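As structure tokens, the structure follows; a few thoughts come after it.
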Amino acid sequence: MDKNKIDTQTVYEMFEVLSEKLDKQIEKSAERTNPIQAQVDMTAINTVTERLENVIEEVKKPSTVEHQHHYTIDIRSNWFFFSWVALVIVILGLFWAIANQRQTISRYMESDLKYRYIKMQGQTDEESIYRLEQQFKYGDSIRIIRKQVEKYEELVKEQAERMERAKRNSEEAERLRKETEILKDRR
């Protein structure tokens with residue numbers, strides 16, 4: 001049996017047996033002695049009974065064990081200081097890398113738009129390239145150039161689709177013409 005746990009049924013049985021024996025003994029002693037002595041014996045029994053009831057109540061209560069963990073971080077320690085310095089260096093390095101990538105991507109996007117604009121113009125010379133570079137210094141002119149290029153590309157795409165449809169229609173017409181000739185020859 002566990003030291004912390006007492007079987008309550010056994011305690012109750014023991015209490016009942018003690019109570020019965022004490023009752024019998026009180027009756028015997030009351031018959032033999034005067035009533036004042038019997039009362040003294042009853043107070044001792046009552047105190048023992050109270051103690052037993054207190055023990056039973058304590059046994060019925062669930063036992064809880066609390067664990068407390070305390071962690072301390074000492075700012076003055078070397079590993080803490082160096083780990084924070086390393087973390088700050090890594091973060092700054094990542095910020096620099098992201099900024100560098102954004103700048104590179106921006107340059108690529110501008111170069112792509114310049115290429116598409118020159119392609120839209122069809123031909124170029126040194127002066128038009130210089131003017132284009134000057135226009136790319138202003139955000140409004142970049143938006144205007146982008147709209148012009150997108151509209152031009154959309155028109156070229158529509159024209160290519162129309163030409164493809166015309167080609168398919170002419171092929172279909174040629175196929176139908178050949179079929180009609182074959183049918184005429186059979187008659």
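The values are calculated or read from the model by the stated rules, or taken from the named source; none is laboratory data. Keep in mind that what you see is a predicted model, and the values were worked out from it rather than measured. For neighbour counting, all protein chains shown are included, and Cβ atoms are generated from backbone atoms with ideal geometry for every residue, glycine included. Each accessible area value is taken on the protein alone, full model and side chains, heavy atoms only, with ligands, DNA and RNA left out. Shrake-Rupley method; radii C 1.70, N 1.55, O 1.52, S 1.80 Å.
Worth pointing out:
- If you go through the stretch 101-123 and keep only what is at pLDDT 85 or above and open to solvent by 70 Å² or more (accessible area, probe 1.4 Å), you end up with Gln101, Arg102, Gln103, Ile105, Arg107, Tyr108, Met109, Asp112, Tyr115, Lys119, Gln121.
- Counted residues, the stretch 135-146 - those being part of a helix (DSSP H, G or I) and exposed (fewer than 10 other Cβ atoms within 10 Å of the Cβ): 2
- Selection of the stretch 125-134 for residues being open to solvent by 70 Å² or more (accessible area, probe 1.4 Å) and either assigned to a loop (DSSP other than H, G, I, E, B) or hydroxyl-bearing (Ser, Thr, Tyr) (or both) yields Asp125, Tyr130.
- For the stretch 165-181, the condition of being within 28 Å of Lys114 (Cα to Cα) and part of a helix (DSSP H, G or I) holds for none of the residues.
- In the stretch 59-78, residue nearest to Asp140 (Cα to Cα) [restricted to those that are polar (S, T, N, Q) and open to solvent by 100 Å² or more (accessible area, probe 1.4 Å)]: Asn78
- Residue within the stretch 79-97 that is of a type in the set (Phe, Trp, Tyr), closer than 28 Å to Leu155 by Cβ and open to solvent by less than 70 Å² (accessible area, probe 1.4 Å) present: no
- Residues considered: Asp23, Asp74, Asp41. Of these, the only one that is of a type in the set (D, E, K, R), within 45 Å of the chain's Cα centre (by Cα) and either modelled with pLDDT under 80 or part of a helix (DSSP H, G or I) (or both) is Asp74.
- Residue within the stretch 151-172 that is of a type in the set (A, V, I, L, M) and within 42 Å of the chain's Cα centre (by Cα) present: no
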